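Here's the structure we're looking at; comments come further down.
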Amino acid sequence: MSLEKKIMTDLKEAMKSKDQAALRSIRAIKAAILLVKTDGTGKELDAAGEIKLVQKLVKQRQDSLDIFEKQGREDLAVGEREEIEVLKKYLPQQMSEQELLPIIKEIVSQTGASSMKDMGKVMGMASAKLAGKADGKTISGLVKQLLS
């Protein structure tokens with residue numbers, strides 16, 4: 001089932017159950033899908049594109065959450081946390097650092113990276129290989145740790 005069909009089904013369920021956090025999150029995904037469909041490029045949204053789209057929405061909410069927490073706005077932070085949890089349901093299971101470490105070590109050895117100057121090469125390969133399975137921030141942290 002495509003993300004769009006799943007969203008429509010979940011939207012109906014959220015409306016029936018009056019789950020406001022789910023409604024906000026699902027409507028955000030629906031709006032983002034609509035924007036991609038009507039952007040004029042004529043490209044169809046594939047599974048990888050759907051994952052990227054939801055990851056982008058999660059990242060936006062995570063950034064907002066960080067700002068709200070720094071400013072002590074717990075009332076706004078609660079809403080962002082709720083939306084992040086709903087959005088994560090539409091993403092594949094994220095890999096842990098223990099699962100990522102051997103994969104990144106392999107990529108480092110394949111690229112022959114030895115210093116921080118080679119981080120771009122490693123990140124390019126790692127991001128392509130681990131798309132949707134891990135957060136870029138986590139990947140970046142592990143790459144820095146291995147190269148320094």
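The values are calculated or read from the model by the stated rules, or taken from the named source; none is laboratory data. Quick caveat, the model's predicted, so the values are computed rather than measured. As a convention, Cβ positions derive from the backbone with ideal geometry for all residues, glycine included, and neighbour counts pool all protein chains shown. Heads up: the accessible areas ignore ligands, DNA and RNA and are worked out on the full protein's heavy atoms, side chains in. Shrake-Rupley method; radii C 1.70, N 1.55, O 1.52, S 1.80 Å.
What the table below lists for this structure:
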quantity: Subset tally (residues that are open to solvent by less than 50 Å² (accessible area, probe 1.4 Å) and of a type outside the set (D, E, K, R)) for region 113-132; calculated: 9
quantity: Gln93 being open to solvent by 90 Å² or more (accessible area, probe 1.4 Å), under 17 Å from the mean Cα position of the chain (by Cα) and farther than 24 Å from Lys12 by Cβ; calculated: yes
quantity: Output for region 42-66, where each listed residue is in contact with a helix residue (DSSP H, G or I) (Cβ under 9 Å, 6 or more places away or on another chain) and open to solvent by 90 Å² or more (accessible area, probe 1.4 Å); calculated: Lys43, Glu44, Lys56, Lys59
quantity: Per-region count, region 54-97, residues under 22 Å from Arg27 (Cβ atoms) and hydroxyl-bearing (Ser, Thr, Tyr); calculated: 2
quantity: Residues of region 1-41 that turn out to be loosely packed, with under 11 Cβ neighbours inside 10 Å, modelled with pLDDT under 90 and not in a helix (DSSP H, G or I), as a count; calculated: 5
quantity: Residue within region 133-141 that is of a type in the set (A, V, I, L, M), out of contact with any Phe, Trp or Tyr (no Cβ under 7 Å at 6 or more places or on another chain), surrounded by 13 or more Cβ atoms within 10 Å (Cβ to Cβ) and under 29 Å from Arg27 (Cβ atoms) present; calculated: yes
quantity: Qualifying residue in region 104-124 (condition: charged (D, E, K, R) and under 25 Å from Glu4 (Cα atoms)); calculated: no
quantity: For Pro92: the one exception among (1) without any contact (Cβ under 8 Å) to a residue 40 or more places away in the chain; (2) touching a Gly at 6+ places or on another chain (Cβ under 7 Å); calculated: (1)
